[in-house]
1. Go through (1) closer than 22 Å to Ser56 by Cα; (2) in a strand (DSSP E or B) one by one and return the number of the condition Thr160 breaks.
2. Could you say which residue among Leu155, Leu196 is farther than 23 Å from Arg224 by Cβ and hydrophobic (A, V, I, L, M, F, W, C)?
3. Which residue out of Lys188, Lys134 is buried (at least 19 other Cβ atoms within 10 Å of the Cβ) and not β-branched (Val, Ile, Thr)?
4. Say we look at segment 118-155 and pick out the residues that are of a type in the set (Phe, Trp, Tyr) and not in a loop (DSSP other than H, G, I, E, B); which of these is farthest from the chain's Cα centre (by Cα)?
5. Report the residue count in segment 191-215 for those that are more than 21 Å from Val172 (Cβ to Cβ), surrounded by fewer than 19 Cβ atoms within 10 Å (Cβ to Cβ) and touching a residue at least 24 places away in the same chain (Cβ under 8 Å).
6. If I filter segment 48-69 down to residues being within 28 Å of the chain's Cα centre (by Cα) and loosely packed, with under 13 Cβ neighbours inside 10 Å, which single residue comes out as nearest to Ala96 (Cα to Cα)?
7. Among (1) of a type in the set (S, T, N, Q); (2) without any contact (Cβ under 8 Å) to a residue 60 or more places away in the chain; (3) touching a Ser or Thr at 6+ places or on another chain (Cβ under 6 Å), which single condition is Asn149 missing?
8. Quick check on Arg183: is it touching a strand residue (DSSP E or B) at 6+ places or on another chain (Cβ under 8 Å), farther than 24 Å from Ile88 by Cβ, surrounded by 13 or more Cβ atoms within 10 Å (Cβ to Cβ) and not hydroxyl-bearing (Ser, Thr, Tyr)?
Amino acid sequence: MRNFTHIIRTGFFSLFAISLILSCKRDRTEPVDSNNYYPLEVGRFLVYDVKEEVYSAGQANPVKKSWQEKDEVDRVSTDEKGIPTYTISRSRRNTATEYWQKEKEFTVQKYPDKLLTNIDNQTFFSLALPVDPKVKWNGNSYNNLDAQNYHYEDLNKPVTVGSQSFDKAMVVVERKDTSIINRYIGIKHYGLGVGLISDDQTAFELCQNDDCIGSGKIESGKHRSRIIVEFGKRL
């Protein structure tokens, strides 16, 4: 009887030890640094495949274009308050075998609580920091465009973009307005330690004639997608 009791006690403590070990492993999950969803460092670059479809009234089919873009952090400066501004160079080429041609520059200001992107003379409130699924913010609060509420979805979840998989990613929903007469959708994916990995923007005006309203037929507008194909740091 004493041996039987000993066996039960030994088994109980063994199960307790295993449970404690598994619990410790779960507790040691590394926290995610929100800043790593948009890493900024001179020399860091991202290359995208870009596809665009432009619809025009009176034309049966859209005009389709495709090209590649490369965004590379060129330099950084810091103001008197210690806020860094990163200047990013955007280059373009039609195919992967052509040479890059510089197209424009834009800047990203990194504040403790936000990232502001100034591109084509418009400033956008790109990310609110730290990343929190409960946070909503007006992405157009620093420009004269209509208010647009951004929010986060699917934080720290794996995602596949094109042919590449990312262990931890998040979604920024910039816009999701749909009705029987239009469709405006803007969704970005960010990969941890990488930055922007996809950008899908849709702005469609749908048919409003009596014979086609509600059908979803596109009258005019544009759809553009950017999918990451390469990223790294210039040596």
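The values are calculated or read from the model by the stated rules, or taken from the named source; none is laboratory data. If you're wondering where the values come from, they're calculated on a predicted model, not measured in any experiment. So basically every Cβ, Gly included, is an ideal-geometry build from the backbone, and we count neighbours across all protein chains shown.
1. So Thr160 meets the others, but not (1).
2. Matching residue, one of Leu155, Leu196: Leu155.
3. Of the residues listed, the single one that is buried (at least 19 other Cβ atoms within 10 Å of the Cβ) and not β-branched (Val, Ile, Thr) is Lys188.
4. Filtering first and then ranking leaves Trp137.
5. 4
6. Checking each candidate, the answer is Ser66.
7. (3)
8. Considered against the rule, which asks whether it is touching a strand residue (DSSP E or B) at 6+ places or on another chain (Cβ under 8 Å), farther than 24 Å from Ile88 by Cβ, surrounded by 13 or more Cβ atoms within 10 Å (Cβ to Cβ) and not hydroxyl-bearing (Ser, Thr, Tyr), Arg183 comes out as yes.
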